[in-house]
Amino acid sequence: MSFKKELGKEINVLEEEIMQLEIKRSRSQASLIDALISKKEPNEQEVQFFRTYTAEIDLKREQLNKLKRKYETL
């Protein structure tokens with residue numbers, strides 16, 4: 001297989017992983033927004049989930065951008 005095809009597959013996998021993490025993060029985000037609207041203290045576990053998923057998404061987006069730049073130079 002060519003390097004470009006391998007890179008394309010890696011890009012697709014990362015995009016799918018990001019989408020799945022965003023779905024998980026949106027659940028925590030909804031809980032946090034509900035707490036904000038209800039003017040109550042948010043569940044600390046939901047806050048931690050949100051932060052964790054956000055950090056993972058940011059890292060994967062950085063990786064994705066690097067792979068896309070590499071892909072475009074081929």
Exercise. Read through the list (1) modelled with pLDDT under 95; (2) not in a helix (DSSP H, G or I), then give the number of the only condition that Lys40 fails.
Key: (1)
Exercise. For Phe50, work out the one condition from (1) among the hydrophobic types (A, V, I, L, M, F, W, C); (2) closer than 30 Å to Ser2 by Cα; (3) touching a Leu at 6+ places or on another chain (Cβ under 7 Å) it doesn't fulfil.
Key: (2)
Practice problem: Would you check if Lys9 is free of Cβ contacts under 8 Å to residues at least 12 places away in the same chain, surrounded by fewer than 16 Cβ atoms within 10 Å (Cβ to Cβ) and at positive phi? | Solution: no
Self-check item: the range 23-70: number of residues that are open to solvent by 50 Å² or more (accessible area, probe 1.4 Å), more than 28 Å from Ile11 (Cα to Cα) and among the hydrophobic types (A, V, I, L, M, F, W, C)
Solution: 4
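The values are calculated or read from the model by the stated rules, or taken from the named source; none is laboratory data. What you see is a predicted model, and the numbers here were worked out from it, not measured in a lab. Cβ atoms come from the backbone with ideal geometry, glycine included; neighbour counts cover every protein chain shown. These area figures cover heavy atoms from the full protein model, side chains too; ligands, DNA and RNA do not enter into them. Shrake-Rupley method; radii C 1.70, N 1.55, O 1.52, S 1.80 Å.
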